[in-house]
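The values are calculated or read from the model by the stated rules, or taken from the named source; none is laboratory data. The shown structure was predicted, so the numbers you read here are calculated from the model rather than taken from an experiment. Neighbour counts are summed over all protein chains in view; Cβ atoms, including those assigned to glycine, are modelled from backbone coordinates with ideal geometry.
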Amino acid sequence: MKTEHHRHRTPGTALAAALAALLIAATGCSSKADGGSTSDGADGVKSGPGVTEKSIRLGALTDLTGPYATLGKSIVQAQQMWADETNADGGICGRKVEIVVKDHGYDVQKAVTAYADIAPDVLALPQVIGSPVVAALLDDVERDHLLTFPQAWAASLLGKDSIQVLGTTYDLDMIAAVDFLTRTKGLKKGDSVGHVYFEGDYGSNALEGSTWAARKAGLKIVDQKIKATDTDLSAQVSALKKAGVKAVLISAGPAQTASLVGVAASRGLSVPVVSSAPGFAPQLMKTPAAPALTALLNVVSAAPAVSSDLGGVRSMVAAYTKKYPGSQVDSGVLSGYNAARLLGADLEKACAAGSLTREDLVKAHRSQKNADTGLGTPQDFSDVSRPASQSTYVLKPDAKAVGGTVNVEEAHVAPGVEEYLTSRS
């Protein structure tokens, strides 16, 4: 992911051209698969689809050729690294772990076909990229009892036994963002805050959080809904400047964040900007947008910066750099590796209980109340209706740091989060 802004052309045409590589598409659909039967193995462990006497097959529905190809590559490589490490250590339940990777190119129809291809023969899905893809497969995943970790964080994905949103949801992160602005950037009652957001579950869930937090803080939200194909945010910046906003929230993609910050800086709207985690990519720090991003942007995230001093993160970065020299270590590496480690713990627990069936793997997962991989905050998977974590990090772009960001604030639960969750239950 790359991009931004050239001074000698108009901001609109320059940004639209420079950011075209970061376009994001979105559609919707559905699919079918067969859960299969169960049996007892020679070792006394009950098994089902995806499990043999010698192997455990997992599936990944990823994007290796579409707008999230960089992210997809990072997650695939990180999860393969986990599988290789696990197998070198004897595997799980005496079985080698295999990961079957299917590239859908961020095309929902291709993803539906890919799901139908692999669902009968895998035990779980440690990776599914794309909110529209996850939305299209929700009913099938639930029917098939296929434990799935999506790369999507909308609160609408909560409440499903087999779907696990890891970390916080978008609304909680925006509550933390508003708190950060009022604590550290001088915002006070009566001020206006812009919120630029993608149409769909991602943006609407983020807006729910910002609207709730702003009301509690006495702030006014000036919202600007955009499409995933909008990469020139000149009109939105003009509207926000006219409204006199003192800060801006953005819940979109890296292209949109770069455009917003670059245009705002060039037009004298030098106010703090806070992005949801999917709105930043380290590649942006190699573009003309980098100075403005460094000066104005913070990122709220359920995960720490890849440059974190956490021992588990440092060990992962060292191992990944050794295994994949030349590959960028970004948030996708951390996200993918963390998901794989969490699934590994679920598999170990299911094995200890004597069953590697899909239903029993989901039960093992939901029994985890303090799952801690050492890669961030502990997670509680026992309540399907609540986020696994309520703690948010605040990051800041840094071109010199591994992964392009550094921690500004460690993980913390923002004031009001529990009240917000209770009000929604």
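Would a scan of segment 172-182 turn up a residue that is over 21 Å from residue 334 (Cα atoms), modelled with pLDDT of 95 or more and charged (D, E, K, R)?
Among the residues of segment 172-182, at least one is over 21 Å from residue 334 (Cα atoms), modelled with pLDDT of 95 or more and charged (D, E, K, R), which makes the answer yes.
Run down 112, 128, 97 and say which single residue is of a type in the set (Val, Ile, Thr), assigned to a helix (DSSP H, G or I) and buried (at least 19 other Cβ atoms within 10 Å of the Cβ).
Going through 112, 128, 97 in turn, just one is of a type in the set (Val, Ile, Thr), assigned to a helix (DSSP H, G or I) and buried (at least 19 other Cβ atoms within 10 Å of the Cβ): 112.
Considering 331, 327, 335, which residue is farther than 15 Å from residue 81 by Cα and either among the hydrophobic types (A, V, I, L, M, F, W, C) or in contact (Cβ under 8 Å) with a residue 40 or more places away in the chain (or both)?
331
Which one of these does residue 134 not meet: (1) surrounded by fewer than 20 Cβ atoms within 10 Å (Cβ to Cβ); (2) without any contact (Cβ under 8 Å) to a residue 60 or more places away in the chain; (3) β-branched (Val, Ile, Thr)?
Result: residue 134 fails condition (1) only.
For segment 161-180: of the residues being over 21 Å from residue 381 (Cα atoms) and touching a helix residue (DSSP H, G or I) at 6+ places or on another chain (Cβ under 9 Å), which is surrounded by the fewest Cβ atoms within 10 Å (Cβ to Cβ)?
Checked segment 161-180; the qualifying residue surrounded by the fewest Cβ atoms within 10 Å (Cβ to Cβ) is 179.
Quick check: is even one residue across segment 341-355 modelled with pLDDT under 95 and within 20 Å of the chain's Cα centre (by Cα)?
no
If you take the residues in segment 225-250 that are part of a helix (DSSP H, G or I) and not β-branched (Val, Ile, Thr), which one is farthest from residue 131 (Cα to Cα)?
Across segment 225-250, the extreme among qualifying residues is 242.
Within segment 269-283, restricting attention to residues that are in a helix (DSSP H, G or I) and either modelled with pLDDT of 95 or more or touching a strand residue (DSSP E or B) at 6+ places or on another chain (Cβ under 6 Å) (or both), which residue is nearest to residue 240 (Cα to Cα)?
279
Restricting attention to segment 143-152, report how many residues are closer than 18 Å to residue 380 by Cβ and either modelled with pLDDT under 95 or acidic (Asp, Glu) (or both).
Of the residues in segment 143-152, 0 are closer than 18 Å to residue 380 by Cβ and either modelled with pLDDT under 95 or acidic (Asp, Glu) (or both).
Quick one: is residue 352 without any contact (Cβ under 8 Å) to a residue 24 or more places away in the chain and surrounded by 21 or more Cβ atoms within 10 Å (Cβ to Cβ)?
The answer is no for residue 352.
Exactly one of these conditions fails for residue 183: (1) crowded, with 22+ Cβ neighbours inside 10 Å; (2) free of Cβ contacts under 8 Å to residues at least 24 places away in the same chain; (3) not small (Gly, Ala, Ser). Give me its number.
Looking at each condition in turn, residue 183 falls short on (1).
Just the residues that are over 15 Å from residue 279 (Cβ atoms), part of a helix (DSSP H, G or I) and polar (S, T, N, Q), please, taken from segment 296-338.
Those that are over 15 Å from residue 279 (Cβ atoms), part of a helix (DSSP H, G or I) and polar (S, T, N, Q): 315, 321, 338.
So how many residues does segment 392-416 have that are in contact with a Pro (Cβ under 9 Å, 6 or more places away or on another chain) and not in a strand (DSSP E or B)?
Residues in segment 392-416 being in contact with a Pro (Cβ under 9 Å, 6 or more places away or on another chain) and not in a strand (DSSP E or B): 5 in total.
Can you find a residue that is in contact with a helix residue (DSSP H, G or I) (Cβ under 7 Å, 6 or more places away or on another chain) and in a helix (DSSP H, G or I) anywhere in segment 364-383?
yes
Among the residues of segment 173-196, what is the count of those that are assigned to a helix (DSSP H, G or I) and touching a Ser or Thr at 6+ places or on another chain (Cβ under 8 Å)?
Of the residues in segment 173-196, 6 are assigned to a helix (DSSP H, G or I) and touching a Ser or Thr at 6+ places or on another chain (Cβ under 8 Å).
Looking at this structure, is residue 261 closer than 20 Å to residue 409 by Cα, β-branched (Val, Ile, Thr) and modelled with pLDDT of 95 or more?
no
Sort through 225, 241, 286 and tell me the only one that's of a type outside the set (Gly, Ala, Ser), surrounded by fewer than 24 Cβ atoms within 10 Å (Cβ to Cβ) and in contact (Cβ under 8 Å) with a residue 60 or more places away in the chain.
286
Surrounded by fewer than 19 Cβ atoms within 10 Å (Cβ to Cβ), within 28 Å of residue 415 (Cβ to Cβ) and in contact (Cβ under 8 Å) with a residue 12 or more places away in the chain: does that describe residue 203?
no
Taking the criterion of being of a type outside the set (Asp, Glu) and either in the same structural domain as residue 69 (by TED's automatic domain parsing) or modelled with pLDDT under 95 (or both), would at least one residue in segment 211-222 satisfy it?
no
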